[in-house]
Structures are given as C-alpha cells and as structure tokens.
Amino acid sequence: MGMAKQIKVGIRTIWDVPKEEYFGPGQLTCAGCGPSLAVRLMLKVAGPNTIIANATGCIEVTSTQYPYTAWAVPYIHVAFENAAAVASGIEAALKALNRKGIANTKAKVIALAGDGGTYDIGIQALSGMLERGHGVLYVLYDNEAYMNTGIQRSGGTPRFAWTTTSPVGSKIRGKVQSKKDIMSIVIAHRIPYAATASIAYPIDFMNKVKKALDALDEGPAFLHVFAPCPPGWRIDESKTVEIARLAVDTGVFPLYEWDHGKFRLNPPSNAHIDKSKRKPLINYIKPQGRFAHMKEDEIKAMEAEVDNYWDYLIRLLKAFG
Amino acid sequence: MTQVLEKQRESSIVVEKKGLTTNYAIAQAVKDVDVDVIAAYPITPQTTIIEKLAEYVANGELDAEFIPVESEHSALSAAVGASAAGARVFTATSAQGLELMHEILHIASGLRLPIVMAVPGRALSAPISIHGDYQDLMNIRDTGWIIYIASTAQEAYDTIIEAFRVAEDPRVQLPVIVSYDGFLMSHTTEPVELYDPKVVREFTPRRLNTRPILNPEKPTTIGALATPDWYYEIKYQAINALKLSRSVINEVDSEFNEKFSRSYKPVEGFMIDDADYVLVTYGGAATWNALEAAKEARDRGLKAGVLRIRLFRPFPADDLTKALSNAKAIAVVDRAVAPGSPIEGPVFKDVYIALHMAGIDKPMLSVIHGLSQRTMYIRDFYELYYRLKDIAKVGKSPQESLFMGLR
Ligand SMILES: Cc1ncc(C[n+]2csc(CCOP(=O)(O)OP(=O)(O)O)c2C)c(N)n1
Ligand code: SF4
Ligand SMILES: [Mg+2]
C-alpha cells in the first residue's frame, strides 16, 4: 500500500484502474450495494493520502463496526448533518499545522455523505463549506432515500417513489414532491468543479474523482454519484449496475460537469439532447418495486419531468457550454 | 481569591498589566497558547472574543486558521475535525449557540478531543434574552466536558492556559469549557496581568503523537460504531477519565503556581474556616457580592463565609464537603433553574448530594437568583445570612427553592 499514490494520469480503460483497495473487504453492506461500490472506486483513485469525513448513514454503519474497520485510510465519523463542517476543520487544521511547521501532512480531504446527509439535514454545513472555499471534495452518494433508518423519503427521492414515509395509499401514491436539484444549488456557489457520476460508468466516475481532487488547491469540489440500493429500490441485488446504467441511458440521471464555469455533458448523456437517443423511461421504471404502483398517467408525468430537466440542461449548455 | 504567593515572581514573566474585559482576556490567552484553528459563530455575549481573535489572525499576531462557520453546530463540528487532525483548537459560544452544539458536545468528549471552549453564560429563550445567567451551562453539564467557572478576568486568562494543559494531558484527553458571567464579566474591564507568551508556550508544550490523529502515515478510524457489546466500556473510559482528571487538574494548577505564582483551588473559601453560615456560589457577581455581604454580616457579629465552586465538572465533592463540614447552615445560590426537579437549584442538588454522600446532614437552602441578569444586590446576600441563622435554629431545610429578586 505504501507505494501507491493518487493516480497521476486519467483512466482510459478498465486496465488502468489501480489494483489497490482502500475500502473493505469486511464491510457489512447488503449484497449489490451501490454506495459501497462508489466508495471503493473513489478510493482507488484518491489513494492512501486521503482523509475521509463521513456522515452517519449506510456506509458509516456498515464500515466501522468496532473493533473492525473497512477503511485503510484515515477516517472520521462525527454525526449525520456535519460531514462538510468536519471536513472544513480537517482541511483548516492541515493548512495551519503544515504552515507552522508542526506537521507535514499532504492529504486530500473528502467529505462523504448520503442524500439525506446532503440534500436535507446537511445542506447548511455543505453550503457553508462551499461558500468558505475549503479545499475539500464532497462526495454525495445518492441512493435516493434514508436507507440506514429503513427507507424513508429524502429531498433526493424522486417523485412517485415508494418509501416508508411516502407510502402508496389510496389518497397519496408515493412521494408527492420532485427530486431537489442539488447540483444547481452546489453550482450556485461557483466552486471550481462539480460533476454528476454513476457507478455504472466507472471510468467516467473515476476520472471525475481525479479531476475533482486536482481542483482542490483552488477550492471545493463536488461529486454527485448515483448509487442504487437493492432493498430500498426493491430491485434484485444483481441488478444494481444495470439499473444505474438505465438511469443514465433513459436520461433520468444525466452525466455532466461544471468545470471552472463551463458546463459540459459527458458521454453517453451528451447524445441525449436528442430525446430519441434516450432509452424509453419505462425500461428504468419497470424493474423497480418502488415504482411498481405507477399508472400510465403517472409515468407520463415522470417523463415530462425528465424532459423539463433536459430543457433546463440544454439552456445551461447554451449559456455556459 | 487568587492567591499570589509570597515567593517573588520572576519579574520577566509578567510582561504587561492591562485593563481587559474577560472576553478580551480569553482572546489574549488563546493567542498566547498559540492555537492552530478557531471555528466560531457570533452570539452575545461571546462575540467580542471571536472578533478579537479574527483581528489577531488578520494582523498576523496569531498564526491560525479562523473558520467563520455558518452555525454553532458547524463551529463545534469543525473544531472536532481540526482536533482529530492534530490541531490545537479553540471555540466559544453562549446560550442558543451552546444548545445548537449540544449533539456535538457529547461527541467531542466521547471522541476524547482536547478542544477548549469559552462560555460566557447567558439566559436561554424563550422569552429571548441576551443577558447573563448560567442556564446554558447547566443544560450541558452532563456532556462529559471538564467545566471551570471563573470569577475574574485574570482567572479566566489563567484558566484558558491551564485548560489547554489539562485537556491535552495524555491521562485526560477531554474537552474543557471555561465559563464565566455573561456581561457582568464578559464585558467588564478589570486589570489583568499578562504573561510572556514564550513562557506560556513553554507551559503548554505541544503533545504530538500522544493520541491517534487523522494521519495517512498511520491510518486510524475515529468515531466507529459501537454495538451494545462495546458501547458501555468505551463510554465508561471517558466517564472515568473525567473523574480521574481531578488529580491532573490539581497537578497542573500547582505547576501553574510554580511558574506564574497564581493558584486556583477547585473550591475557594472566604472566611470559611470558622463560618457558621455559608453561601455557596459560582461565577463572579454572585461570589463577590456574597463576599461583601459576608463582611457586613461579620461586622455585626455573624460568622458568615463564602464558598465559590471553581471546578464544576468533575465536581470536587471532597474539597467541598471538607470546606462545609463546620457550617451550621448552607445556602447554594444558583443562577439557573432545574424546572420540575424536587428542588429547583441545579448546583444545590450537587452540593446536597455531595454532603449527604459524606454523611453530613445540615439545614440547606436552595436560592435562585440573577436569572437573565436580574440584579443581585449585596443586601440580598446579606439577608440570606440571616435566613440561614433562622434555618439553623429551626434545624430543618426549607422544602422549596427561594426565588430571590422575583417580583
Ligand atoms: C440528527 C440526526 N437525526 C437523525 C438521525 C437518524 N439517521 C441516521 S442515518 C439517517 C439516514 C441517512 O440517510 P442518507 O444520508 O441518505 O444515507 P444512507 O443511509 O441512505 O446511506 C438518519 C435519518 C441521526 N443519526 N442524526
Ligand atoms: S440498504 Fe442499500 S445503501 Fe444501505 S447497505 Fe444496503 S444496499 Fe447499501
Ligand atoms: Mg440515502
């Protein structure tokens, strides 16, 4: 482990992916857990000189059961809503200690939180960290609900999705509200680098981790990583990557970057400006138990939402492309 | 009070005698111990501490990172992160801010992080009040922090220096609060002797490599999930460390006395040795007004005394019972309330328990006063001595708290 450092050049093929592991084995996530795959790939790129500040959630509880740990890098968990604040403190400490000659720690700081810890309870700390300009990479692993507490809706849960707090009843059928546009909120802080990524497109994801880490000398970076959860989404545990890929391919979760003021759609999403290049939405909805109750008009409404979001992205592209 | 020993203090140690508010004395001490990270959010009456620290950092007088966080929850969270990364860390807050930190207070002590925090005490909403009392401090007393309550600006300055030594001691490794009267001290100018920062830094040497920190050379997991199989043992270690910190606190004070010729005992008695009637106090205003009243009472032949609690957590039950063992009746003056308790004075309960645990049963009176800075007159304390005289005669503790100064 000692020799491996953060990768220097980008990853072109799967053969370029570092073999070193810094997360697990030994973590206790469910079979087919999307978030754990995201963390594993992220750390392959970040390497050993990384400090993790993790919010409470599935990754935290499954990776640090005393006296075991799945982390081969320095790791801290403090609470649910404050990963960004904890990371801010770590970054400031390293700055001060290095400057004063008390320590010489060259480490990148990564804050890691779920959708609940980011869209909802942690958004204030996140905004503070971004506004203050800490050189921290914030990684949001988005499994679209509070999974650790047993599948409750969050601001990142999509409309119509079943969760235990957005149940399917005779009057209300799944989540009423739409998914919050966290990327736009983040980008509004004018940070150097923000991107969406998916565990189904690992090379794109890992290159974005590298780009984001490279931007930290200038300020904060943000990655929004789509990561399905089999028990929460009511999908088969063998289908995690497939569903994640369908989310991109149907246009539900487009891959894009906000890179130093420029907006860029990444493959394959760059082709999806043309709606006919997107796969039918039903391919994404059908296999998921959380959407099983959806009727035709509801599916239409969901499709309209996807189209609206694309209209917005195209306008962004025109303005900042 | 502050005991300036006969021993001639090395004249070079005190570099300046200055008029400072307690808040500015705190900021000066934080600068003198050379902290690395300050994370703070403004709230009255704490604000002038962090304004001054921001100024020091902006002027290059203090080489530290000042994190102007967006809330107190983040202030303490950032402090936790910075401390876990090995930095010497300071924060400060009051009232609503301390309440907003509450969740992280338990975590800071549970993770054994030597953070030092100043808390000028203030009343809690509602109704909203910016004025001083100790309700905020009493609400967080069970969070596992070491808690000092200072009574002068000099003591506050000295206590911050002692606090870093105690917090970072490998036998302790716990966060420390230094509290004092909001406004009545935080914004009152007093003479303070400032020490040579070089000597202060010698007194507070950095203890690198005495605790696990976030360092890629030696990866460690901090804040792990403990199952019921482990939680109890891990928590007990922190509880026990707080208990055992008593000896380190005394040791550090002795060394402080050696170096700076000042010493503060966990409880400080005034005219206590032969006192029949004792007022137990904490903080500045209550203590010094009680002392004035005690002098007047003594002038009239009443053997009055004052016992100030300086170390609140861990509670110095042994020193306290020793000091009170000859008294005929005791009142505890609380500037905070424990609503719905068998009796409403929070520190009264501690004193009562400490005495009874030691087999001492004396008539005792719980006094509530000075909430939201309701003026505590010297005559109020004077009156208390005569009440104690009556209570001693009856030989029974009143069953209700006395809400003094209440209209
Ligand atoms: C202040 C606070 N409120 C509530 C909780 C309970 N809680 C723990 S994890 C969690 C949900 C986490 O959801 P998310 O951030 O999406 O992560 P996931 O579990 O899905 O990985 C909740 C509600 C908590 N730990 N702290
Ligand atoms: S519930 Fe979902 S997110 Fe949590 S460990 Fe299981 S698969 Fe992963
Ligand atoms: Mg989630």
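The values are calculated or read from the model by the stated rules, or taken from the named source; none is laboratory data. Predicted model only: the values in this text are computed from it and were never measured. Every residue, glycine among them, receives a Cβ derived from its backbone with ideal geometry; neighbour counts consider all protein chains shown.
Some notes on this structure:
- Search result, residues across the range A:53-67 that are farther than 18 Å from A:LEU130 by Cα and either more than 7 Å from chain B (Cβ to nearest Cβ) or within 16 Å of ligand 2 (Cβ to nearest atom) (or both): A:THR56, A:GLY57, A:CYS58, A:ILE59, A:GLU60, A:VAL61, A:THR62, A:SER63, A:THR64, A:GLN65, A:PRO67
- Residue count for the range A:75-128, restricted to those that are among the aliphatic types (A, V, I, L, M), in contact (Cβ under 8 Å) with a residue 60 or more places away in the chain and either within 16 Å of ligand 2 (Cβ to nearest atom) or facing another protein chain (nearest Cβ under 7 Å) (or both): 1.
- The set of residues in the range A:243-259 being out of contact with any strand residue (DSSP E or B) (no Cβ under 7 Å at 6 or more places or on another chain) and either part of a loop (DSSP other than H, G, I, E, B) or surrounded by fewer than 17 Cβ atoms within 10 Å (Cβ to Cβ) (or both) consists of A:THR250, A:GLY251, A:VAL252.
- Near pairs, Cβ below 8 angstrom, 6+ apart or cross-chain, from the range B:196-210 (closer than 11 Å to B:ARG88 by Cβ and touching a residue at least 12 places away in the same chain (Cβ under 8 Å)) to any residue that is assigned to a helix (DSSP H, G or I) and among the aromatic types (Phe, Trp, Tyr): B:THR204/B:PHE164
- The set of residues from the range B:43-60 being away from chain A (no Cβ under 14 Å), surrounded by fewer than 24 Cβ atoms within 10 Å (Cβ to Cβ) and in contact with a helix residue (DSSP H, G or I) (Cβ under 9 Å, 6 or more places away or on another chain) comprises B:ILE43, B:THR44, B:THR47, B:THR48, B:GLU51, B:LYS52, B:GLU55.
- Filter result (among the acidic types (Asp, Glu), more than 23 Å from A:ASP249 (Cβ to Cβ) and touching a residue at least 24 places away in the same chain (Cβ under 8 Å)) within the range A:197-217: A:ASP217
- Whichever residue in the range B:169-183 is surrounded by fewer than 24 Cβ atoms within 10 Å (Cβ to Cβ) and touching a residue at least 60 places away in the same chain (Cβ under 8 Å) and, among such residues, is nearest to B:ASP34 (Cα to Cα): B:ASP169
- Conditions (1) surrounded by 17 or more Cβ atoms within 10 Å (Cβ to Cβ); (2) within 14 Å of another protein chain (Cβ to nearest Cβ): number failed by B:TYR232: (1)
- The set of residues in the range A:149-189 that are under 19 Å from the mean Cα position of the chain (by Cα), more than 14 Å from ligand 1 (Cβ to nearest atom) and not hydrophobic (A, V, I, L, M, F, W, C) comprises A:ARG159, A:SER178, A:ASP181, A:SER184, A:HIS189.
- Residue in the range B:75-94 that is assigned to a loop (DSSP other than H, G, I, E, B), touching a residue at least 24 places away in the same chain (Cβ under 8 Å), under 18 Å from the mean Cα position of the chain (by Cα) and in the same structural domain as B:ILE177 (by TED's automatic domain parsing) present: yes
- Among (1) under 25 Å from B:SER74 (Cβ atoms); (2) more than 16 Å from ligand 2 (Cβ to nearest atom), the one test that A:MET206 misses: (1)
- Top-ranked residue of the range A:129-149 - restricted to ones that are assigned to a loop (DSSP other than H, G, I, E, B) and more than 16 Å from ligand 2 (Cβ to nearest atom), ranked as nearest to the other protein chains (Cβ to nearest Cβ): A:HIS134
- From the options B:ALA224, B:ALA297, B:ALA290, residue that is closer than 23 Å to B:ALA84 by Cβ and buried (at least 20 other Cβ atoms within 10 Å of the Cβ): B:ALA224
- The set of residues in the range A:150-160 that are of a type in the set (Val, Ile, Thr) and away from ligand 2 (no atom under 12 Å from the Cβ) contains only A:THR157.
- Scanning the range A:3-52 for residues that are free of Cβ contacts under 8 Å to residues at least 60 places away in the same chain, within 11 Å of another protein chain (Cβ to nearest Cβ) and under 20 Å from the mean Cα position of the chain (by Cα), we see that the one that is nearest to ligand 1 (Cβ to nearest atom) is A:LEU28.
- Residue selected from the range A:10-45 under the condition surrounded by 17 or more Cβ atoms within 10 Å (Cβ to Cβ) and among the aromatic types (Phe, Trp, Tyr), by the criterion nearest to ligand 2 (Cβ to nearest atom): A:PHE23
- Residue in the range A:88-106 that is charged (D, E, K, R) and crowded, with 23+ Cβ neighbours inside 10 Å present: yes
- Selection status of A:PRO192, more than 17 Å from the chain's Cα centre (by Cα) and either more than 16 Å from ligand 2 (Cβ to nearest atom) or within 14 Å of chain B (Cβ to nearest Cβ) (or both): yes
- Against the criterion of being under 20 Å from A:VAL136 (Cα atoms) and either within 10 Å of chain B (Cβ to nearest Cβ) or crowded, with 20+ Cβ neighbours inside 10 Å (or both), A:ALA70 does not qualify.
- Single match in B:PHE203, B:PHE270, B:PHE183 (criterion: under 30 Å from A:LEU97 (Cα atoms), modelled with pLDDT of 95 or more and of a type in the set (Phe, Trp, Tyr)): B:PHE203
- Of all residues in the range B:209-221 being under 30 Å from the mean Cα position of the chain (by Cα) and more than 7 Å from chain A (Cβ to nearest Cβ), the one that is surrounded by the fewest Cβ atoms within 10 Å (Cβ to Cβ): B:ASN209
- Helices (runs of 4 or more DSSP H) contained entirely in the range A:1-119, each with at least 3 residues that are more than 16 Å from ligand 3 (Cβ to nearest atom): A:34-46, A:83-99
- Complete set of residues in the range B:179-208 that are outside any loop (DSSP other than H, G, I, E, B) and within 14 Å of chain A (Cβ to nearest Cβ): B:ARG201
- The range B:14-32, subset surrounded by fewer than 22 Cβ atoms within 10 Å (Cβ to Cβ) and among the hydrophobic types (A, V, I, L, M, F, W, C), residue farthest from the chain's Cα centre (by Cα): B:VAL15
- A:LEU216 vs. criteria away from ligand 3 (no atom under 16 Å from the Cβ) and closer than 22 Å to A:ASN49 by Cα: yes
- Among residues of the range A:186-205, those that are in contact with a Ser or Thr (Cβ under 8 Å, 6 or more places away or on another chain) and farther than 17 Å from A:PHE226 by Cβ, counted: 1
- Residue within the range B:333-340 that is assigned to a strand (DSSP E or B) and either in the same structural domain as B:TYR282 (by TED's automatic domain parsing) or more than 19 Å from B:ILE140 (Cβ to Cβ) (or both) present: yes
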